[in-house]
Amino acid sequence: MKKHRLDPLLRPSSVAVVGASQRADTIGNWALKNLLKGGYKGRIYPVNPRYDALEDHRCYATLSELPEVPELVVFAVSDERLEAVLDEAIAIGIPAAVIQSTLVLDDDSIPPLKERVQDKIRAAGMHVCGANGMGYYNVRDHVWTCGFDSAAHPAPGNATLITHSGAGMSGIIDCEERLRINLAVSAGNELSTSMDEYLDFALDLPETRVVGLFIETARNPQGFEAALKKAAQRRIPVVALKVGRTAESARLTVSHSGAMAGDDATYEALFDRYGVQRVRDQDEFATVLIMFAELHPVGAGGLVSLHDSGGERQLLVDLAHDAGVPLTRLTDETVEKLSAVLDPELPAVNPLDAWSRGGPDASEMMTSGLTLMMQDPGAALGAVVHDRAPCGRIYASYLSYMQRARADSGKPVALVAARQGTGHDAAAVTSTHAGYPVLDGVSQFLKGVHALFAYRDFLLREPVDLPAADSAAVRRWQVCLRKGTTLGEFDSLNLLADFGIRTSSPIEAHDETSVLAAGKTCGYPVVLKTAKPGLIHKSDQAGVVVGIADEDQLSNMYALMRKRLGDEVLVAAVADAGIEMILGVRRDPQFGPVVVMGFGGVLAETLHDVQFALPPFSAGHARRCVDRMKLRRLLDGQRGMLAVSIDGFCTLAERFSIMVDALRDVITELDVNPVIVSDHAATAVDAVVVGRDRRAG
């Protein structure tokens, strides 16, 4: 295997444990025992002046007395002692360390311990896991540095877990035998080594089939995006449990880790770009990881499921609808074959309840029913949805259904219980590891199915080569915006037009003569708008008059507007009838500009039906965003309304995103509202651009 920059931290040839101890249930005791329990093959050096030997290893008084400079040091000492032993480790040139303590001292000096330690680590170029974490388990290379009780983790494993929560690591890997871990990292406060670096390392491990991320924030946003891009290129799915969705949760992130959680909508856009599958809680997290790790890749089609209960079959239909999971509509040929093997009173439909009269032939009926459904060309994945037997056991016949159906269809299949309840059957683990996952909870399973299908569809997206922005336009507007200039409507629309975006092309006017000339040029009916500097919401000040029919009306309206809002106005042709949409830009503090698209006008403020995307993106990506909007059906024409040009809006959004990416360093905000989408085109009618003074940060 090729070398990685994190090898000294995660694949060290020698490890020192400072504070190693024989006192039970201490970090020093567990850190040493876990190295041995994990089967570490390198050299181990316990360091503690109180002992001559620990766990059959000679114990040394200090790091300086070791016979070699170890590649990794695990600190199992109090925060009161940590700075001194860190100084010693840096002095002798140890390249990597694990710090599990919080680095908080009572009555600390300024700067506090955490800052002092971080400064020293960064100056030394040391790779550090932590602080305020639980270490890591490199199961495939037999390096366990966790200072707490641990379950067995057979090597090599096939799933990686990287988490900002220590309990979020142990609560999954030590409580879920069905998930086979090759690497688990509790990154903690990431004093020097961040989540993206661990992810990059995991993607190079040959056994990695899926990576799970329990994320508070991306401390290195550019590195994080690069690692997600690498995962997408290698076709290794990433599952994310991102906390900080709500304002209160985001505040707790700051108090816990000292870092902002980041804007959740931006993370949604980031995950969408790179095919990251997001989950809501740890039950979904573990289930989706197991399904990606153990199921065969899914092909085209939907879900088929076998039941022994009519009520539970109906429940699955409801839950699949809520989860957005498509259920396969069986072909006439499959229905005919099913009808031939089922009891006459059982309908040959998917989901299939194949249990009616029971008896000695019931198992064969179940097996045939599942096999025939999975052989249907519209089936991508099968499920046996049966509850556990008493005491949590699994009937052998359930496993045989799956084995026969997969052998005859070549498609993946899982066994799912509505819930596990009490008890446990070892077959749940052995069957899962054999490629027939045994799962608990229909909702969690359906979340996993949705993720499998979504990732399948992500991999099928065709790469798109986007055109470059016009270089002359980029240079011109960079000069204009880089001092933090706010552009009015006229200049903002000119900016859009320079990047190939269709606009209403207003004409500036400042007296009655120029206003009437503009009306003649545009052709009636026209729109009259105030161009008073600094006035953003014109409609609120009666600064917009739509549908002016002729020259006399235009003259009168201008006279009235002039008295209240000044001479400067814009005149434009009335836009074609259509639906108001919005395009905008918000600047994320971590990832830079993010494009907002959705329904505009009043709907933008009331329903907030918007989607977010990282620029640049294609018209096809814009279409996927539009299709996720709650009011999407309005664009198809409802109750006599004309269907509008969705393709026109998506093409405009693509050009908009290319422009935003080209000007990303000089834009703080950009609002195009409305974009009128008619039956044949999309037109930007109003806009405001706020430049970014880079000197202000």
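Odds and ends about this structure:
- Any chance Thr668 is touching a helix residue (DSSP H, G or I) at 6+ places or on another chain (Cβ under 8 Å) and surrounded by fewer than 21 Cβ atoms within 10 Å (Cβ to Cβ): no
- Taking every residue in the stretch 303-330 that is outside the structural domain of Arg628 (by TED's automatic domain parsing) and over 23 Å from Ser409 (Cα atoms) and pairing it with any residue that is acidic (Asp, Glu) and surrounded by 15 or more Cβ atoms within 10 Å (Cβ to Cβ), at least 6 positions away or on another chain, the pairs with Cβ-Cβ distances below 7 Å are Ser309/Asp353; Gly310/Asp353.
- Among the residues of the stretch 444-479, those identified as over 30 Å from Val298 (Cα atoms) and among the β-branched types (Val, Ile, Thr) are Val474, Val479.
- The strands (runs of 3 or more DSSP E) found entirely in the stretch 1-105 that carry 3 or more residues being more than 40 Å from the chain's Cα centre (by Cα) are 43-47.
- Residues within the stretch 106-129 that are surrounded by 12 or more Cβ atoms within 10 Å (Cβ to Cβ) and outside any loop (DSSP other than H, G, I, E, B), tallied: 14
- Residue list for the stretch 375-405, restricted to those being charged (D, E, K, R) and farther than 21 Å from Asp353 by Cβ: Arg393
- Residues within the stretch 580-589 that are under 27 Å from the mean Cα position of the chain (by Cα) and surrounded by fewer than 22 Cβ atoms within 10 Å (Cβ to Cβ), tallied: 5
- Checked against the criterion of being exposed (fewer than 14 other Cβ atoms within 10 Å of the Cβ), out of contact with any Pro (no Cβ under 6 Å at 6 or more places or on another chain), in contact (Cβ under 8 Å) with a residue 60 or more places away in the chain and more than 25 Å from Pro615 (Cβ to Cβ), the candidates Ala573, Ala577, Ala542 yield just one match: Ala577.
- Any hit, the stretch 672-679, residues being hydroxyl-bearing (Ser, Thr, Tyr) and within 25 Å of the chain's Cα centre (by Cα): no
- Applying the condition of being closer than 21 Å to Ala426 by Cβ and surrounded by 18 or more Cβ atoms within 10 Å (Cβ to Cβ) to the stretch 378-405 and asking which residue is nearest to the chain's Cα centre (by Cα) yields Val384.
- Whichever residue in the stretch 308-336 is in a loop (DSSP other than H, G, I, E, B) and aliphatic (A, V, I, L, M) and, among such residues, is nearest to Gln277 (Cα to Cα): Val325
- Contact annotation: residue pairs with Cβ atoms under 6 Å, 6 or more positions apart or on different chains, pairing a residue in the stretch 418-437 that is of a type in the set (Phe, Trp, Tyr) with a partner that is assigned to a helix (DSSP H, G or I) and buried (at least 16 other Cβ atoms within 10 Å of the Cβ), are Tyr436/Met402.
- Residues of the stretch 282-336 that are within 19 Å of the chain's Cα centre (by Cα), of a type outside the set (A, V, I, L, M, F, W, C) and farther than 22 Å from Tyr401 by Cα: Gln282, Asp283, Glu284, Gly324.
The values are calculated or read from the model by the stated rules, or taken from the named source; none is laboratory data. The shown structure was predicted, so the numbers you read here are calculated from the model rather than taken from an experiment. Note that we place each Cβ from the backbone using ideal geometry, even for glycine, and neighbour counts take in every protein chain shown.
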